[in-house]
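Student: Would you mind keeping the following structure in view while I ask a few things?
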Amino acid sequence: EVQLQACGGGLVQAGGSLRLSCAISGFTADDYVIAWFRQAPGKEREGVSRISKRDGSRHYADSVTGRFTISSDNAKNTVCLQMNSLKPEDTAVYYCNVDIFMSIVDRRRYWGQGTLVTVSS
């Protein structure tokens, strides 16, 4: 069974930093994308960042570009999100997910449980 476990959330003051981690287990594949999403109270879930196993490319939402960095450790099957210069509007539950491309027509998506990030003014 594919499992994702996110950790690293907590309380931090504006301008501070946090590092989130997502441990992934239960599968082997050559082509997959790991992403971070977040959802604030009363708001829709939004994509934050993603990284591709196939080519190592990274993408960021405009709201976090220059402040957040996504990275992967293939040996440990772990993806991290380094969050710097945090703002109160970054407060949300952060979720990691993986899209696994088993074939050209078979994509499978799995979600972690989420970890809470609270940024105080």
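Student: Looking at A29, A23, can you tell me which residue is in a strand (DSSP E or B), among the small types (G, A, S) and surrounded by 12 or more Cβ atoms within 10 Å (Cβ to Cβ)?
Tutor: A23
Student: Of S71, S85, which residue is outside any strand (DSSP E or B) and open to solvent by 30 Å² or more (accessible area, probe 1.4 Å)?
Tutor: It is S85.
Student: Can you tell me which residues in the stretch 88-118 are of a type in the set (D, E, K, R) and either surrounded by 15 or more Cβ atoms within 10 Å (Cβ to Cβ) or assigned to a strand (DSSP E or B) (or both)?
Tutor: Answer for the stretch 88-118, where residues must be of a type in the set (D, E, K, R) and either surrounded by 15 or more Cβ atoms within 10 Å (Cβ to Cβ) or assigned to a strand (DSSP E or B) (or both): D90, D99, D106, R107, R108, R109.
Student: Six or more apart or on different chains, Cβ atoms under 6 Å: show the pairs whose first residue is in the stretch 44-68 and over 17 Å from C96 (Cβ atoms) and open to solvent by 40 Å² or more (accessible area, probe 1.4 Å) and whose second is at pLDDT below 95 and not aliphatic (A, V, I, L, M).
Tutor: R54/D31
Student: Any residue in the stretch 69-84 that's over 26 Å from A14 (Cα atoms): show its pairings with residues that are surrounded by fewer than 13 Cβ atoms within 10 Å (Cβ to Cβ) at Cβ separation under 7 Å, as long as the two are six or more apart or on different chains.
Tutor: The qualifying pairs are N77/S25.
Student: Against the definition (open to solvent by less than 60 Å² (accessible area, probe 1.4 Å) and within 14 Å of I70 (Cα to Cα)), how does L4 come out, yes or no?
Tutor: Here the answer is no, as L4 does not meet what is asked.
This table checks each residue for (1) aromatic (F, W, Y); (2) under 20 Å from R107 (Cβ atoms); (3) out of contact with any His (no Cβ under 6 Å at 6 or more places or on another chain).
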{"site": "S21", "(1), (2), (3)": "no, no, yes"}
{"site": "I24", "(1), (2), (3)": "no, yes, yes"}
{"site": "P41", "(1), (2), (3)": "no, no, yes"}
{"site": "K53", "(1), (2), (3)": "no, yes, yes"}
{"site": "Y60", "(1), (2), (3)": "yes, no, yes"}
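Student: Considering (1) modelled with pLDDT of 95 or more; (2) under 11 Å from the mean Cα position of the chain (by Cα); (3) over 18 Å from S17 (Cα atoms), say which one T78 fails and leave the rest.
Tutor: (1)
The values are calculated or read from the model by the stated rules, or taken from the named source; none is laboratory data. For clarity, every value in this text was computed on a predicted model and none was experimentally measured. No Cβ is skipped: glycine too gets one built from the backbone with ideal geometry, and neighbour counts run over all protein chains shown. Ligands, DNA and RNA are stripped out before the accessible areas are found, and what is left, the full protein with its side chains, is counted by its heavy atoms. Shrake-Rupley method; radii C 1.70, N 1.55, O 1.52, S 1.80 Å.
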